[in-house]
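S.K.: The following block contains the structure, expressed as C-alpha cells.
The values are calculated or read from the model by the stated rules, or taken from the named source; none is laboratory data. Only a predicted model underlies this, so the values are computations on that prediction, with no experimental measurement involved. Please note: Cβ atoms are built from the backbone with ideal geometry, for glycine as well, and neighbour counts cover all protein chains shown.
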Amino acid sequence: MSIKRFTGAAFADVTVRKRWDGSGWVNLAFGRRWNGSAWADLWSDSDSGGGSGGSGGSGSASGTLVSRVSSTVARPTVNYAATYAASRSGTALTMNLTLAAWLNSSASSLGSGVKLTVYARVRGSAAWSTAVIKSASAVWRGVTRHSVSLNLSGTVSGTAATVEFYVTRSGSTYGGSAGTLGSASKPKSYTFNIN
C-alpha cells in the first residue's frame, strides 16, 4: 500500500520508506529509526504529511494549546484551557502542561462529592499522567478559574509534538456526568512546534 504526494507537476507514489525533502524523494533506511529505547517507524500510511527535518539539536517553546474547549456534557458546562512550556533535546521532550477549568456562568455551581481528574500525555507515550483538578470536597461557584499542572515527557520526531488530554468524573452522580471532556479512546489533541 502506498500514498501519493503532489510534486508540483504530477502525483508520485510515496512508499513507507521514502520522504520528500523539498527537491527529491529520499530513502529512509528500512523506514525505521532507533528512538533510544525501541525501533520506531519514520513513515507510515497513516501519516498525514511529509517528514519534518532531523531529530538532532534542541529547542524550547511555550504558549497556549487551546484557549477554550467545553466539557462533553452541559449543565453545568465546564470550560477548559491548556498552556504549555516545553523543551527538546534531540528526540527527548519534557514539558509542563497547565490545565485551567471554570464554569460557563456566574450562576453555575459544581458541588461537593464531584471529583474531576485530568489525564494527559505526549502522543506516542504509553502511560497517562494524572492530576485531580477538582477534589470531591471542593465546591466550584461562578467563573473562577481552577488550575492544575502536569509534568510530561515523551519522544518526538522532528520539530512537532502532540499533547493529548481528557477529563473524567467520579463521585456524586448529581448533574449526570457534567465536567467530563473527551475520553481515553478519543482525547482532545493539540499539536505545537518546538524548534
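S.K.: Kindly provide the set of residues from segment 120-137 that are touching a strand residue (DSSP E or B) at 6+ places or on another chain (Cβ under 8 Å), under 18 Å from S109 (Cα atoms) and assigned to a loop (DSSP other than H, G, I, E, B), ordered by number.
M.R.: S135, A136
S.K.: Something else about it: Give Y166, Y190 a once-over and let me know the one that is in contact with a Pro (Cβ under 6 Å, 6 or more places away or on another chain) and either at pLDDT 95 or above or not in a loop (DSSP other than H, G, I, E, B) (or both).
M.R.: After applying the criteria, what remains is Y166.
S.K.: Against the condition in a loop (DSSP other than H, G, I, E, B) and either β-branched (V, I, T) or closer than 21 Å to L65 by Cβ (or both), how does S157 come out, does it pass?
M.R.: Against the criterion (in a loop (DSSP other than H, G, I, E, B) and either β-branched (V, I, T) or closer than 21 Å to L65 by Cβ (or both)), S157 qualifies.
S.K.: Among what's in segment 110-148 and is among the polar types (S, T, N, Q) and in contact with a Leu (Cβ under 7 Å, 6 or more places away or on another chain), pick the residue that is farthest from F192 (Cα to Cα).
M.R.: So the residue we want is S147.
S.K.: Same structure again: Out of S109, S87, report the one residue that is small (G, A, S), surrounded by fewer than 20 Cβ atoms within 10 Å (Cβ to Cβ) and more than 24 Å from A160 (Cβ to Cβ).
M.R.: S109
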